[in-house]
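Written out below as structure tokens is the structure these notes cover.
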Amino acid sequence: MGLPTWAFAPAALGAAFVVLPLVAVVTKVDWAAFPALVTSEASLAALRLSLLTATCSTAVCLLLGVPVALVLARCSFPGLRLLRSLVLVPLVLPPVVGGIALLYTFGRQGLLGSSLEVLGLRIAFSTAAVVIAQSFVAMPFLVLSLEGALRARGTGYEQVAATLGASPSAVLGRVTLPLVLPGLASGTVLSFARSLGEFGATLTFAGSLQGVTRTLPLEVYLQRESDARAAVALSLVLVVVAVVVIVVARGRRDGGL
């Protein structure tokens, strides 16, 4: 079925609205100085920290997010809708507000932070705080993607496996997860991308200490004030990474259809 002719004009306008700012970044890159700008000591330190923390955050999202998605998709109990809403709140919550919430939870005078302080564990303004902040904002992407895949697949195969005597753990490992693997892979990639690009919650909860909490988005923000060329170069790195992640995520999802 064809589209009405009038739809193409706003579609082109919408695409241009998204693409033109990315093109503008590319046009402002100082290509002669690009290698030196992105391989400076500060830039490499920020990139290494971003990759390390984003990888750790993705692991946390998998460890905690997969069970949450399974419960939301396969269980029914009073308060389920409220739980789903609360789990997905970080999707719409301003990252700075998320950082403040984490600070009042894990900070020195926070809900849990004061007890952790007694045990000698100080989380706020540490590398661990970066991982927590990234996980907080990224986990809903995994939960949403996996829950959608679980609901789309239904429970038919799982019920057959259960009637044949498979334990719940065996059904989960041999039937459920393999069936939704494309959705799980897509959610994992998106969680990694969101962690890599996290800024507001990280700055509020973890600060900006070079080599400790200053990730690549924070480095871009700081370089914007002192060296615009470096900020643009590092921005391009993040744009390229984002494009690669989206292509991989789309390929995974389309491959599972």
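Just so you know, all these numbers are worked out from the coordinates, no wet-lab data involved. The structure presented is a predicted model; accordingly, all values stated were derived computationally and were not measured. Because the Cβ atoms are built from the backbone with ideal geometry, glycine has one as well, and the counts that use them run over all protein chains shown.
Taken over the stretch 127-189, the ratio of Cα radius of gyration to 2.2 N^0.38 Å equals 1.39. Kindly list the residues of the stretch 72-106 that lie in the label zone of T155, defined by a backbone N under 11 Å from the point 7 Å along the Cα-to-C-beta vector. Hits in the stretch 72-106 for T155 at 11 Å: 73-77. Shown for E225, E198: other C-beta atoms within 10 Å of each C-beta, ranked fewest to most, produce the order E225, E198. For the chain, the longest piece that avoids every one of the trypsin sites (Lys or Arg not before Pro) found in DSSP loops with at most 15 other C-beta atoms within 10 Å covers 123-257. With one equal scatterer per alpha carbon and no solvent term, the Debye-computed log10 I(q)/I(0) for the stretch 3-150 at 0.08 1/Å reads -0.39.
Projected over all directions and averaged, the alpha-carbon convex hull of the stretch 72-194 occupies 9.8 nm². Footprinting exposure proxy ranking of I246, I132, fewest other C-beta atoms within 10 angstrom first, gives I246, I132. Sorted fewest first by neighbouring Cβ atoms within 10 angstrom, V245, V131, V239 come out as V239, V245, V131. Shape class for the chain, computed from the alpha carbon gyration tensor (a ≥ b ≥ c): oblate, with a/c not under 1.5 and a/b at or below b/c. Please build a GNM for the chain, connecting alpha carbons under 10 Å apart, and tell me which residue among L184, L37, L218 fluctuates the most. It is L37.
Computed as a quarter of the hull surface, the mean projected area of the alpha carbon convex hull for the stretch 1-78 stands at 11.5 nm².
Measuring between their Cα centroids, the stretch 199-214 and the stretch 1-64 lie 20 Å from each other. GNM remark for the chain: springs join alpha carbons under 10 Å apart, and the peak mean-square fluctuation among V175, V23, V38 falls on V23.
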